[in-house]
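Q: I have a structure here, written as structure tokens, and I will follow up with some questions on it.
The values are calculated or read from the model by the stated rules, or taken from the named source; none is laboratory data. Computed from a prediction, not measured in an experiment: that's the story for all the values here. So basically every Cβ, Gly included, is an ideal-geometry build from the backbone, and we count neighbours across all protein chains shown. These accessible areas exclude ligands, DNA and RNA; they are computed on the full protein's heavy atoms, side chains included. Shrake-Rupley method; radii C 1.70, N 1.55, O 1.52, S 1.80 Å.
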Amino acid sequence: TFYIAHRGAMDSAPPNTMAAFSKAKQDGYRAFECDVWYTSSKDLLICHEHNIQDITGFNTIITSVSKKTRKDYPIMSEHYEDYPTQYFPTLQEVLSFCAKNNMHVYLHFWPGDPKTKVSSACIAKATKLIRRYGMTKRAFILSQNPNYIKGFAKYKLNVGWLCRSVSLSTHKSNLATA
């Protein structure tokens, strides 16, 4: 049985943070899932929420945050007293951590809306990082957007369509027309 820590050890540390991923490793997990957003500054940041107000107190969307400005938006951790202030990790930080710790990672790419155009630059950048850190066998791409799935599949990466509960034939039809 293969256990995957959803957003890291999110019950023990702020979800989708390096603290949560480290805690998952410490707790014996060999894999975790995290959420990836391609920002307007062309950075790949880890965050579940589109609007980050609930986790930072700032009414801002994650795609407007950059690698350079992410420290302006500390993740509130009042429920996690054992952890100092956390910030949105970059995909590079996550992949480096996984490579050093021999962990698997499930990268959930957002937005999930199939009508959303997906940047080929996002796919190329993420693929380059996955390869740089030797993670092609241990990184698994997930999305509800078939455009991400098709884009990453062209690079021969592990992909999986994260499906809503509708018939599988509907999903297969949507993927064929994407």
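Q: Check off (1) touching a Pro at 6+ places or on another chain (Cβ under 8 Å); (2) at pLDDT below 90; (3) not acidic (Asp, Glu) for Gln86 and give me the number that stays unchecked.
A: Failing condition for Gln86: (2).
Q: Still on this structure, please answer the following. If you take the residues in region 91-131 that are modelled with pLDDT of 95 or more and in a loop (DSSP other than H, G, I, E, B), which one is farthest from Thr39 (Cα to Cα)?
A: Among those that are modelled with pLDDT of 95 or more and in a loop (DSSP other than H, G, I, E, B), it is Asn102.
Q: Further question: Which one is nearest to Pro74 (Cα to Cα) among residues in region 1-45 that are outside any loop (DSSP other than H, G, I, E, B) and among the charged types (D, E, K, R)? Show your work before the answer.
A: If we filter region 1-45 for residues that are outside any loop (DSSP other than H, G, I, E, B), which is where we start, we get 5-6, 18-26, 31-38, 44-45.
Checking which are among the charged types (D, E, K, R) leaves us with 23, 25, 33, 35.
Values: Lys23: 19, Lys25: 23, Glu33: 21, Asp35: 17 Å.
Looking at the filtered set, the residue picked out is Asp35.
Q: Next question, about the same structure. Go through region 133-159 and give me each residue that's in a loop (DSSP other than H, G, I, E, B), closer than 18 Å to His48 by Cα and either free of Cβ contacts under 8 Å to residues at least 12 places away in the same chain or out of contact with any Cys (no Cβ under 9 Å at 6 or more places or on another chain) (or both). Let's see the steps before the verdict.
A: In the first step, residues of region 133-159 are kept if they are in a loop (DSSP other than H, G, I, E, B); the result is 133-138, 144-145, 154-157.
Okay, now just the ones that are also closer than 18 Å to His48 by Cα, so 144-145.
Asn145, the sole residue that qualifies.
Q: Being within 22 Å of Gln26 (Cα to Cα), without any contact (Cβ under 8 Å) to a residue 40 or more places away in the chain, open to solvent by 10 Å² or more (accessible area, probe 1.4 Å) and among the acidic types (Asp, Glu) is the requirement here; does Glu78 meet it? Step through it out loud before you land on a result.
A: Working: within 22 Å of Gln26 (Cα to Cα): yes; without any contact (Cβ under 8 Å) to a residue 40 or more places away in the chain: yes; open to solvent by 10 Å² or more (accessible area, probe 1.4 Å): yes; among the acidic types (Asp, Glu): yes.
The answer is yes for Glu78.
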